Amino acid sequence: MSLERDFLLGCSGWSYADTPDKGGWTEVFYPDANTKRLRFYSQFFNTVEMDSTFYHKFYSNMTKGMFIGMVRATPDKFQFSVKVPETITHEKRLDIRRGAITDFEEFLDKISPLKTAKKLGAILIQLPPSFNVNDFKNIETFLDRLPNSKNYDYAVEFRHPSWKTEGPWEMLKHYNIAAVITDSPPGENLRFLSDVIVTADHSFIRFHGRNTKGHYWYNYLYTKEELKPWIEKVLQIRKETKVLRTYFNNHWGGKAVINALQFKEMTSNTPLPENERKVLEHAETSLKTNRGL
């Protein structure tokens with residue numbers, strides 16, 4: 001008997017309060033500035049990637065109470081995938097001798113309300129671009145000390161081309177950790193990340209955008225033609241894993257909302273429900289208006 005294979009699709013972040021001229025989602029996706037954003041967002045998507053935990057200036061002020069509030073604001077089967085703080089990945093570079101595991105355990109404790117409520121998706125470990133294959137020992141030792149991957153879904157995003165060897169993938173398979181698959185701008189030495197490499201019983205895709213101007217990758221709207229090749233990849237991955245989590249990180253001005261809803265329709269091969277169709281059409285119209293098209 002085949003295992004149930006879930007497909008979770010959403011955006012990277014939801015708390016974009018500004019209007020589109022400042023990169024926000026108000027008036028494109030959110031009706032107005034007073035909209036309860038997470039509650040509204042979760043009507044249209046079954047998951048979100050929480051990136052604010054990465055930034056120390058935000059993470060340091062977060063409490064368990066905040067995560068309890070997030071649980072209460074979302075439907076029963078909604079999932080939050082959460083990015084590991086930069087202190088662990090970028091400052092301490094996963095070095096357990098510098099307290100990376102201690103910090104990680106504190107991180108798990110802080111987000112524990114999500115785990116308790118069965119709303120914790122994947123835990124995203126995004127490595128800095130300078131973290132290359134010469135740092136293999138750091139990551140191997142760190143992963144070996146992680147709390148059991150049978151209880152958590154971990155995903156690692158490599159960002160240096162030196163990782164395109166067999167060793168890293170075999171390591172992730174050993175620990176049942178997903179290798180993050182991405183869509184990124186050409187010329188950024190990250191094309192190897194677009195390969196379908198399944199290393200766990202769960203999988204993770206991130207659409208970063210393809211903008212090459214000023215390094216603001218996320219200020220980019222994918223065309224349907226650009227998304228089409230990913231449909232076959234999604235079908236392949238879903239056959240090989242129990243759950244696939246996919247996030248659009250091209251958040252500037254609500255572009256992620258448009259592409260996520262388009263991709264939802266493309267991968268399901270069925271029309272969107274009327275409420276989602278209206279939101280998509282409104283977002284597309286708003287974006288064209290704001291761009292002067």
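When residue 99 is tested against (1) within 16 Å of residue 163 (Cβ to Cβ); (2) of a type outside the set (Asp, Glu); (3) over 19 Å from the mean Cα position of the chain (by Cα); (4) surrounded by fewer than 15 Cβ atoms within 10 Å (Cβ to Cβ), exactly one condition is not met: (1).
For segment 54-96, the set of residues classified as under 16 Å from residue 143 (Cα atoms) and surrounded by fewer than 19 Cβ atoms within 10 Å (Cβ to Cβ) consists of 90, 93, 95, 96, listed by residue number. Take the residues in segment 227-258 that are touching a Leu at 6+ places or on another chain (Cβ under 8 Å) and assigned to a loop (DSSP other than H, G, I, E, B), then tell me which one is surrounded by the most Cβ atoms within 10 Å (Cβ to Cβ). Among those that are touching a Leu at 6+ places or on another chain (Cβ under 8 Å) and assigned to a loop (DSSP other than H, G, I, E, B), it is 250. A Cβ distance below 9 Å, combined with a sequence gap of six or more or placement on separate chains, defines the contacts here; from segment 245-257, residues that are in contact (Cβ under 8 Å) with a residue 24 or more places away in the chain and more than 10 Å from residue 13 (Cα to Cα) reach residues that are of a type in the set (Phe, Trp, Tyr) and assigned to a helix (DSSP H, G or I) in the pairs 246/230; 246/263; 257/41.
Within segment 265-284, identify whether any single residue is among the small types (Gly, Ala, Ser), part of a helix (DSSP H, G or I) and either within 21 Å of the chain's Cα centre (by Cα) or surrounded by 20 or more Cβ atoms within 10 Å (Cβ to Cβ) (or both), and answer yes or no. For segment 265-284, residues among the small types (Gly, Ala, Ser), part of a helix (DSSP H, G or I) and either within 21 Å of the chain's Cα centre (by Cα) or surrounded by 20 or more Cβ atoms within 10 Å (Cβ to Cβ) (or both): present.
Scanning for something touching an Asp or Glu at 6+ places or on another chain (Cβ under 6 Å), within 23 Å of residue 125 (Cα to Cα) and buried (at least 21 other Cβ atoms within 10 Å of the Cβ), does segment 199-207 turn up at least one residue?
The initial filter retains those residues of segment 199-207 that are touching an Asp or Glu at 6+ places or on another chain (Cβ under 6 Å), namely 202, 207.
From what is left, the residues that are within 23 Å of residue 125 (Cα to Cα) are 202, 207.
Now narrow it down to the ones that are buried (at least 21 other Cβ atoms within 10 Å of the Cβ): 202, 207.
Checked segment 199-207: at least one residue is touching an Asp or Glu at 6+ places or on another chain (Cβ under 6 Å), within 23 Å of residue 125 (Cα to Cα) and buried (at least 21 other Cβ atoms within 10 Å of the Cβ).
The requirement of being part of a helix (DSSP H, G or I), within 30 Å of residue 162 (Cα to Cα), at pLDDT 95 or above and out of contact with any Pro (no Cβ under 6 Å at 6 or more places or on another chain) is not satisfied by residue 200. Based on this model, can you work out whether residue 213 counts as among the charged types (D, E, K, R), surrounded by fewer than 22 Cβ atoms within 10 Å (Cβ to Cβ), out of contact with any Asp or Glu (no Cβ under 6 Å at 6 or more places or on another chain) and within 23 Å of residue 288 (Cβ to Cβ)? When the stated conditions are applied, residue 213 passes them.
In the set (1) within 20 Å of residue 118 (Cβ to Cβ); (2) part of a loop (DSSP other than H, G, I, E, B); (3) among the polar types (S, T, N, Q), the condition left unmet by residue 35 is number (1). Note on segment 12-21: residues that are within 17 Å of residue 287 (Cα to Cα) and under 13 Å from the mean Cα position of the chain (by Cα) amount to 0.
Does residue 131 satisfy being of a type in the set (Phe, Trp, Tyr), in a helix (DSSP H, G or I) and surrounded by 19 or more Cβ atoms within 10 Å (Cβ to Cβ)?
Working: of a type in the set (Phe, Trp, Tyr): yes; in a helix (DSSP H, G or I): no; surrounded by 19 or more Cβ atoms within 10 Å (Cβ to Cβ): yes.
No; evaluated as a whole, the condition is false for this residue.
Looking at 40, 44, can you tell me which residue is in contact (Cβ under 8 Å) with a residue 40 or more places away in the chain and surrounded by 14 or more Cβ atoms within 10 Å (Cβ to Cβ)? Step through it out loud before you land on a result.
Working: 40 fails: in contact (Cβ under 8 Å) with a residue 40 or more places away in the chain.
Just one listed residue meets the conditions, 44.
Evaluate the following for residue 40: is it under 29 Å from residue 203 (Cβ atoms), under 13 Å from the mean Cα position of the chain (by Cα) and among the hydrophobic types (A, V, I, L, M, F, W, C)?
On the way: under 29 Å from residue 203 (Cβ atoms): yes; under 13 Å from the mean Cα position of the chain (by Cα): no; among the hydrophobic types (A, V, I, L, M, F, W, C): yes.
Taking the combined requirement at face value, the residue does not satisfy it.
Residues in segment 134-149 that are in a helix (DSSP H, G or I) and closer than 20 Å to residue 83 by Cβ: 135, 138, 139, 142, 143, 145.
The values are calculated or read from the model by the stated rules, or taken from the named source; none is laboratory data. Computed from a predicted model, the values in this text were never measured in an experiment. As a convention, Cβ positions derive from the backbone with ideal geometry for all residues, glycine included, and neighbour counts pool all protein chains shown.
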